[in-house]
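To start, the structure itself, in structure tokens.
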Number of protein chains: 2
Amino acid sequence: MGMVNWMSFEQVLNDKVKETENVIGAYLPKEQGWAKTVMEAMNYSVNAGGKRLRPMLMAETYKLFGGREKVIEPFMAAIEMIHTYSLVHDDLPAMDNDEYRRGRKTTWVVYGDAMAVLAGDGLLNFAFETALKSFEMPACDAARKARALSILANKAGIYGMIGGQTADIEAENLGSQVTQEHLLFIHEHKTAALIQAAMMVGAVLAGADDAQVELVEKAAYEIGIAFQIQDDILDVTSTLETLGKPVGSDAKNNKTTYVTLRGLEEAMQEQKDMSNHAVALLKSLEEKGFQNSFLIELIESLITRIR
Amino acid sequence: MGMVNWMSFEQVLNDKVKETENVIGAYLPKEQGWAKTVMEAMNYSVNAGGKRLRPMLMAETYKLFGGREKVIEPFMAAIEMIHTYSLVHDDLPAMDNDEYRRGRKTTWVVYGDAMAVLAGDGLLNFAFETALKSFEMPACDAARKARALSILANKAGIYGMIGGQTADIEAENLGSQVTQEHLLFIHEHKTAALIQAAMMVGAVLAGADDAQVELVEKAAYEIGIAFQIQDDILDVTSTLETLGKPVGSDAKNNKTTYVTLRGLEEAMQEQKDMSNHAVALLKSLEEKGFQNSFLIELIESLITRIR
């Protein structure tokens, strides 16, 4: 028998994260000219680490539906810029007033409040500027690119992530009076919307049909909610060292979370059920020949992640 | 002789402002759902008045080159949203800390810091979401729309307006040591870039050729710089009542402006020269049959505006 040379999921994941960071890095601005500082602050924010989950989910969903072109790359960079800007603005003294994220000083601590506002604005604007570069690339028709851009804008905006952040801020004033309906709105919009955008953009650019895009939207909803519940769980069960950010902040802020509403065990069970259902949805595509085992493993890894 | 029924420029302008506000209003979000507050804050910001100069310049440049379709409308709304978000974020305590604008309380004073950050983000994102709706409209081909979107994103972002704001913040720390080169970079990017975007988007969507778009870009540069110099002039020569915002803030902040660098009289003369040259450029298109007398009057009115 020959030598079996399997790479572990972790090894493959590490390679994919590096590939993804190379793609993102190629689209970041060069730090030069009179506006150099905002570019430094943007790059500091994007290069502060993170799981690169959204661009990876996008690339893997694109591959799932047979996509093989570089047209996905500006969109991968764009969604990471959008995710990053939301963190930069979230961390501001005017918002969550967080000084550390992923074990590093947050953008406003390093560059000041004003520059952090501009760096966030810069990243959001540059995300669209970057994704629009796809129109200069030969692969797939303009209609697909326009649709992908519209999905990205919709899921990132007031009917998506920004809507979720708004509802989240209002929930803070309600404390323990937040209902499950309100909390699910927050999780769906603040977290799941951008996961949906990632996977739907991948599907649309690869030429998936409407029913397939809808299936992906559903699966991504469950992945996003499960991902957010895991965040709520880790805020209770993890440590500063493991998580790279302070734990117990939800309790400190008297915040209603899935864990406070349902209890830790039930939250963990529901989170697992949702992930499993999302995986089952995606596996149902296999009979039509659409298969990506790394994507499935990536999603499954989310329920067991520790940070 | 029949009765001559000329409307004055001011009457026509008032009507055009109202038309423009109707177009913008049609694209503003309905205030409903769990994220209602951010939508209210966005609409409050956009409805706080203003000259609507950018969407008007866009529509009139579109008409100049023979554009007659509704495809311009989502772009008109988009550029006003971008202009408005920049004001909302500029006014934040983390930035200029302004409590009044156009005689009304600024967004953060009414809705709080956090919601003002989100309202600005919401407007910027919604601007692209809105402009992307043009792809669902039949007029002109996708390539023109994509090019118009790219111009808008570029001129609003770190290579445009946000770049100018960055250089402006850095200039504040330099006080009287700011050079003319630095100041011109600020004016070009913070102010002229969005005027360029407005007029270039109008030209591109109407089908202007590359040389014409370039001519418009040059004229808009001069209009933008002249417009900003007028701002600097009014900060010295106007009153709170007329201007609708505090005067003398540049001197108070020890800010280098075109007026402090060149003196009031020379600044006024240069501003007039630039406006005249911009008008001459646009009038040079008349020999090819491209003519819009209202656009010329609008630009000329900018050098004599008092607020």
Hey, what's the per residue convex hull volume over the C-alpha atoms of the protein assembly as shown, in cubic angstrom?
-> 173
Cα centroid of the range B:23-68 to Cα centroid of the range A:119-181, whole Å | 19
In the protein assembly as shown, with Lys and Arg counted as +1 and Asp and Glu as -1 at Cβ, which of these residues, B:GLN11, A:GLY202, B:HIS277, has the Cα nearest the positive end of the dipole, that is, farthest along it?
-> A:GLY202
For A:GLY66, which inter-copy label distances result when the label point lies 7 Å beyond Cα on the Cα-to-Cβ vector, reported in nm to one decimal and in ascending order?
-> 4.2
For the range A:79-175, state the semi-axes of the equivalent ellipsoid (square roots of 5 times the eigenvalues of the alpha-carbon gyration tensor), sorted largest first and rounded to whole angstrom.
-> 29, 18, 9
Hey, can you grab everything whose amide H is under 5 Å from the amide H of A:GLY157? Only 5+ residues off in sequence or another chain; H modelled, so Pro and N-termini drop out.
-> A:ILE162
Averaged over A:35-41, how many beta carbons belonging to a partner chain fall within 10 Å of each residue's beta carbon?
-> 6
Sorted shortest first, the nm distances from the B:PRO246 label point (7 Å along Cα→Cβ) to its counterparts in the other copies are 3.3
Expected vector for the range A:162-173, Karplus 3J(HN,Hα) from phi with 6.51, -1.76, 1.60 and θ = phi - 60°, integer Hz, x for Gly and Pro, equals 5, x, x, 5, 4, 5, 5, 4, 5, 5, 4, 6
Summarise the partner chain shielding of B:126-139 as one whole number: the mean count of Cβ atoms from other chains within 10 Å of each residue's Cβ.
-> 5
Which ³J(HN,Hα) values in Hz, rounded to whole numbers, follow from the phi angles of the range B:267-283 under the Karplus curve 6.51 cos²θ - 1.76 cosθ + 1.60, where θ = phi - 60° and Gly and Pro get x?
-> 4, 5, 5, 5, 4, 5, 4, 5, 4, 4, 5, 4, 4, 4, 4, 5, 5
How big, on average over all directions, is the shadow cast by the Cα convex hull of chain A, in nm²?
-> 17.6
What list of ³J(HN,Hα) values in whole Hz, one per residue of the range B:108-116 in order, does the Karplus curve 6.51 cos²θ - 1.76 cosθ + 1.60 (θ = phi - 60°) give from phi, with Gly and Pro shown as x?
-> 5, 5, 7, 10, x, 4, 4, 5, 5
If you count, for every residue in B:183-189, the Cβ atoms of partner chains within 10 Å of its Cβ, what is the mean?
-> 1
Coordinate range along principal axes, alpha carbons of the range A:25-110, Å, largest first = 44, 31, 20
Using a simple charge model, +1 on the beta-carbon of Lys and Arg, -1 on the beta-carbon of Asp and Glu, nothing else, what dipole does the range B:5-88 show about its Cα centre, in debye to the nearest 20?
-> 100
Give the long-range amide H neighbours of B:TYR100: residues separated by 5 or more places, or on another chain, with amide H under 5 Å away, using H modelled in the peptide plane at 1.01 Å from N.
-> B:THR106
Taking R0 as 56 Å and r as the Cβ-Cβ distance between B:THR242 and A:LEU184, the FRET efficiency 1/(1 + (r/R0)^6), rounded to the nearest 0.05, comes to 0.65
In debye, nearest 20, what is the charge dipole magnitude of the range A:134-259 about its Cα centre with +1 on Lys and Arg Cβ and -1 on Asp and Glu Cβ, if you could check?
-> 240
Alpha-carbon centroid distance for the pair the range B:212-242 / the range B:185-208, whole angstrom = 13
Using +1 at the Cβ of each Lys and Arg and -1 at the Cβ of each Asp and Glu in the range A:120-175, identify which of A:CYS140, A:GLY163, A:LEU124 lies farthest towards the dipole's positive end.
-> A:CYS140
So if we plug the beta-carbon distance of A:ARG104 and B:LYS105 into 1/(1 + (r/R0)^6) with R0 = 35 Å, what FRET efficiency do we get, rounded to 0.05?
-> 0.45
Given unit charges at Cβ for Lys, Arg (+) and Asp, Glu (-), the dipole magnitude of the range B:9-304 about its Cα centre in debye, nearest 20, is 760
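Only the coordinates and a few stated rules stand behind these numbers; no lab work does. Because the structure is predicted, anything quoted here is derived from the model rather than measured. Positions of Cβ are generated from backbone atoms using ideal geometry, with glycine treated the same way; all protein chains shown enter the neighbour counts.
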